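Before I ask anything, let me first share the structure, which is written out below as structure tokens.
The values are calculated or read from the model by the stated rules, or taken from the named source; none is laboratory data. Note that the coordinates shown come from a computational prediction; the quantities given were computed from them, not determined experimentally. Quick reminder, even Gly has a Cβ in these numbers, built from the backbone with ideal geometry, and neighbours come from all protein chains shown. When the accessible area is computed, the model is the full protein with side chains, heavy atoms only, and any ligands, DNA or RNA have been set aside. Shrake-Rupley method; radii C 1.70, N 1.55, O 1.52, S 1.80 Å.
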Amino acid sequence: MKTVLCVEDDLKILYNNRDMLTEDGYNVLTAETLSQARQHLSDTAPDVIVLDIMLPDGNGLEFLKELRAAGNNTPVIMLTAWNRSGHIVQGLDSGANDYIGKPFEYEVLLARIKALFRNIEYLSERIVCGILTLSPISGQAFINGEDLLLTQKEFALLLMFVQNEGKTVSTEYLYEKVWGLQIIDDMGTVNTTISRLRKKIEPSGYYIFVTRNKGYTFDKT
């Protein structure tokens, strides 16, 4: 049975999600504060966290950054009234796997949770690309066993590149797949992240080539 940790201070939403998820076969832990959430995480390892942003004792985004900095890669779905595009970008950049704005339909939340679990199940435990090894489950990449210490977005980009080795992938496609949004004008976020990633994977013998007006290609040097 999968365990879902719901962190939410709106008791109506919290208890409704608890009851509905329980009916759908999940084990549900509830927390009205970040303090309670930390206590749950010290006692158990949930399979997914549904996290609000505005909580009585802190900010959910800062809590998420705290989790990721500590190496906790539990999938997180943000469920919040902060639902403008800038908020969504901020949430995904902080390490969220998905983002749902309030008001929402329970069926949408359930579908997103199921999709997260499907994606995790489809990923292999290890992807080997020369001396470069990726662990999709933990979100880590290694060169000869040495952790590259990639950020979540860097890892997501690298995984996308490895899965499309030798193919040119557009900046727009990468942004939509990794950041979950359609790109408008500013491509700087993608370019900057790829620049950092390129330096980190340099010893692997692979390089991320750029073709003007077409995109990026991950291939051997």
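Place a point 7 Å from Cα of GLU146 in the direction of its Cβ. Which residues in the stretch 192-211 have their backbone N less than 20 Å from it?
Zone members listed by number: 195-208.
Compute the signed sum of charges (Lys and Arg +1, Asp and Glu -1) over the other residues within less than 13 Å, Cβ to Cβ, of LEU11. Intermediate values should be presented prior to the final figure.
Values: positive: LYS12, ARG18; negative: GLU8, ASP9, ASP10, ASP19, GLU32, ASP52.
Counting the neighbours of LEU11, the net charge comes to -4.
How much area per residue is accessible in the chain when the probe is 1.4 Å and only protein heavy atoms are counted (Å²)?
Numbers: 11630 Å² over 221 residues.
With all protein chains present, the chain gives 53 Å² per residue.
Same structure again: Let me confirm the definition first: pairs of Lys residues in the chain, 8 or more apart or on different chains, C-alpha distance under 23 Å. How many are there?
29
Further question: Alpha carbons only, please: Rg and Dmax for the stretch 15-80, in angstrom.
11.7, 34
If you rank MET20, MET1 by how much accessible surface each has, with a 1.4 Å probe, what is the order from largest down? If you can, show how the numbers build up before the last one.
Working: MET20 60, MET1 175 Å².
My answer, sorted largest first, is MET1, MET20.
Of the candidates GLY95, GLY71, GLY180, which one comes out as most mobile in a Gaussian network treatment of the chain with C-alpha springs shorter than 10 Å?
Maximum fluctuation in the GNM of the chain, among the listed residues, is at GLY71.
Let me ask something else about it. Note down the magnitude of the dipole of the stretch 101-221 about its Cα centre, charges +1 on Lys and Arg C-beta and -1 on Asp and Glu C-beta and zero elsewhere, to the nearest 20 debye.
Here the size comes out at about 140 debye.
Taking all protein chains as present, what is the carbon and sulfur share of the accessible area of the chain, in % to the nearest whole number, probe 1.4 Å?
Percent of accessible area from carbon and sulfur atoms in the chain: 48.
Oh, and also: Kindly provide the trypsin sites (Lys or Arg not before Pro) of the stretch 48-124 that DSSP labels as loop, not H, G, I, E or B, and whose Cβ sees at most 16 other Cβ atoms within 10 Å.
On the way: sites: LYS65, ARG68, ARG84, ARG112, LYS114, ARG118; in loops: ARG84.
Counting only loop positions with at most 16 other Cβ atoms within 10 Å, the trypsin sites (Lys or Arg not before Pro) in the stretch 48-124 are ARG84.
Given the Cα-Cα distance of ASP24 and ASP10 and 0.36 nm per residue of separation, how much length would full extension add, in nm?
2.9 nm
Here's a follow-up. What is the sum of charges around TYR173, taking Lys and Arg as +1, Asp and Glu as -1, for the other residues whose C-beta is under 12 Å from the C-beta of TYR173?
+1
Select from GLN152, GLN163, GLN140 the residue whose mean-square fluctuation is largest in a Gaussian network model of the chain (Cα-Cα springs shorter than 10 Å).
Highest fluctuation among the options: GLN163.
Could you point to the label whose value was computed as Rg/Rh (Cα atoms, Kirkwood Rh) for the structure here, given (1) 0.97; (2) 0.94; (3) 0.99?
Identified label for the calculated read-out: (3).
Give, as ranges by residue number, the residues of the stretch 1-36 whose backbone N falls under 11 Å from the point 7 Å along Cα→Cβ of ALA81.
Zone members listed by number: 10.
Just tell me the longest site-free run in the chain, where the sites are GluC sites (Glu not before Pro) in a DSSP loop having at most 16 other beta-carbon atoms within 10 Å.
1-104
Among THR189, THR30, THR168, which one shows the highest mean-square fluctuation when the chain is modelled as a Gaussian network with alpha-carbon springs under 10 Å?
Judging by the Gaussian network model, the answer is THR189.
Something else now. Taking K and R as +1 and D and E as -1, what net charge do the other residues with C-beta under 12 Å from the C-beta of GLU107 add up to?
0
In debye to the nearest 20, how big a dipole does the chain give about its Cα centre with +1 on each Lys and Arg Cβ and -1 on each Asp and Glu Cβ?
Values: 22 positive and 29 negative charges, 183 e Å.
Here the size comes out at about 880 debye.
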